[in-house]
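Right, one structure below, let's go through it.
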Amino acid sequence: MKKTGILFIFILILNNLGYAQRVIDIEEARILGLASSQTLADAQTSIRTALLNEKTHFYSMIPQVSAGYRASINFLEDTRFVNPIDTFNAGISLSVTQTIFNGGNSFATKSMREIATETARVNASRDYFSVLSSIDEAYYAVLRAQAALESSESLLEASNLALSIAQVRFNNGMLNQIDYLTAQAVTESRENTRNQSRRTLSLRLIELRDLIGVQEAISLEPVSFDKYDEALRRLAVISTVETDALFTELWNITVANNPSLKTAALRSQNAELTYTNSVRQEFMPRVNLSLSGNIFNFSSRNGFTGTGSFNGSISVTGSIPVDYWVISNRLENYKTTRDSALNDFTTALRSSQNKLLSDIYELLNQASSVLSSRRSLEIAENTYAGTMERYLLSQSSVKDLSDAANSLMDSRNSLNNANYYFLQRLSVLRTSCALDDEQRLINILLGN
C-alpha cells in the first residue's frame, strides 16, 4: 500500500510538471492549426486593408464638405500704429464639392476596389485549404511513423525470441556458429530499425506540434479506416463510365469553388476594367459642382455682418490629346494586359481540369493499393507464422525466419503507407474542389 501511494503521488507530480501527453484527434488538430496559422492571419489583414481601401474610395464619391475659419488683427495701418483689438476680424466659411461626371472613372474604380476585396477573400480561401491540407499531411505522417514504429517493435520482439531460441540451441550444440551469428545480426538490425523509427516519429511529432501551435507533448487519436472502407472498395473497381461521371460532378464543384479559378477570373475582370477605364480617362470630360460661402463674419469695427454670400458653380474640364502616339501606346499596353489575363484564365481552367483528373486517378490507384496491400499482408502473416512454427521445430533456418520477417515488415509498412497516402490523396482532392466537408466528398465518391 505504501509503494502504491508513492507511485500515485509520483504520477501526479509528473502530470503537474507537464509530462502527461495531450491527446488530440484530426478535427482538433485542424482547428488548432487554422487558429495558429500566420498565413491565415496575414490573409485576414489583407481583407481588412482591401475593405478600408474600398471605403476610402466610396467616401471620395460622396459630396466633399469642408469648413474653414480665419481670424486676424492689424497693428499697423497706413504707416500708423493702431490698437489691434479695434482691428480684430474673424469668420467661418463652408464649401461643398461634388463630382457629377468624370467619364465613369469613379464607378470603374469602385468596381476595381470591390474586385480587390473579393480577390483578398478568395486568396484567404486558398490559404485556408492549403493550411488544412498541410495539417492533414502532417497528422497522417505522424500516424504513418507511429505505425512503422509499432511494426519494427513487433519484429524486434520476434527477433529476440528467435535469438533466445538460437542461443539455447547453440549452447546445446544443435546450431552452428554461423546461424547463431546470423540471428544476432538480424536482432541488431531490427533494433537499429526500431531506433530509426523512434527518431522519425519524434521528428514528425515536432513538425506537427509546430504546425498546430502546441508546446506540450501530444499523442494522436488513430484514424478509423472503417468510415472509408466502402469508398475504398468502390473506387478500387470503379468503371470508366462511373469515373467520367465522378469527374463531371467534381468539376462542377471545382468551377464554383476553386480559389485559383476565381482568382484568375477576377484578374481578368480587373484587367478589362482597367482598359475601358483608361479609355474614358483619356477622352471623356469631367463635370464638378461646387458651393461655397461665408456662414459667419465678425469684426471689431462692424460687428456681425451676416452670413455673407454663397457662390455656386458647375465646371466642365477636359483635355484634347495631341500626343496620340503616347496615348495609343498606353492603351495598347492595357489591352495587352487584358488579353494576357484572359489567356491566364483559360490556362488556369485547363490546368485545373488536368489536376482534378490527375487527383482522381491518384485516389483510385491508391484505393487499389490499399486492397492489394491488405491481401499481401495476410499472405505475409501466414507465411511468417508458418515459418516461425517450423523454426520452433528446427525445420527452418534463421535465414528463412529472417526472410519471412522482412517480408512481413515490408507488407505492414506497405499497407500503412497505402492507408495514409490514400487519406492524403483524399485531402488533396478535397483541396482541389475546395470542399470543406470531407463527408460530402466521401458521399460523392460513393455515388450518393
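Just so you know, all these numbers are worked out from the coordinates, no wet-lab data involved. Computed from a prediction, not measured in an experiment: that's the story for all the values here. Note that each Cβ is placed from the backbone with ideal geometry, even for glycine, and that neighbours are counted across all protein chains shown.
For first residues located in the range 71-83 and within 25 Å of Ser93 (Cα to Cα), partners that are of a type in the set (Ser, Thr, Tyr) and surrounded by 11 or more Cβ atoms within 10 Å (Cβ to Cβ) and lie 6+ apart or on another chain with Cβ distances below 9 Å form the pairs Ser72/Thr87; Ile73/Thr87; Ile73/Ser300; Asn74/Thr87; Phe75/Thr87.
Ala108 - would you say it is under 34 Å from the mean Cα position of the chain (by Cα) and within 30 Å of Asp436 (Cβ to Cβ)?
no
Could you go through the range 411-418 and let me know if any residue there is surrounded by fewer than 16 Cβ atoms within 10 Å (Cβ to Cβ) and in a helix (DSSP H, G or I). No, every residue in the range 411-418 fails to be surrounded by fewer than 16 Cβ atoms within 10 Å (Cβ to Cβ) and in a helix (DSSP H, G or I). Among the candidates Ala367, Ala380, Ala348, Ala404, the residue that is in a helix (DSSP H, G or I), of a type in the set (A, V, I, L, M, F, W, C), crowded, with 20+ Cβ neighbours inside 10 Å and within 33 Å of the chain's Cα centre (by Cα) is uniquely Ala367.
Going by the structure shown, is Ser130 surrounded by fewer than 18 Cβ atoms within 10 Å (Cβ to Cβ) and either touching a residue at least 12 places away in the same chain (Cβ under 8 Å) or in contact with a strand residue (DSSP E or B) (Cβ under 8 Å, 6 or more places away or on another chain) (or both)?
Details: surrounded by fewer than 18 Cβ atoms within 10 Å (Cβ to Cβ): yes; either touching a residue at least 12 places away in the same chain (Cβ under 8 Å) or in contact with a strand residue (DSSP E or B) (Cβ under 8 Å, 6 or more places away or on another chain) (or both): yes.
Answer is yes for this residue.
Note on the range 203-235: among residues that are in a loop (DSSP other than H, G, I, E, B) and small (Gly, Ala, Ser), the one that is nearest to Ile444 (Cα to Cα) is Ser224. Which is within 28 Å of Gly173 (Cβ to Cβ) and either among the aliphatic types (A, V, I, L, M) or in contact with a Leu (Cβ under 6 Å, 6 or more places away or on another chain) (or both), of Leu392, Leu408? Checking each option against the conditions leaves just Leu392.
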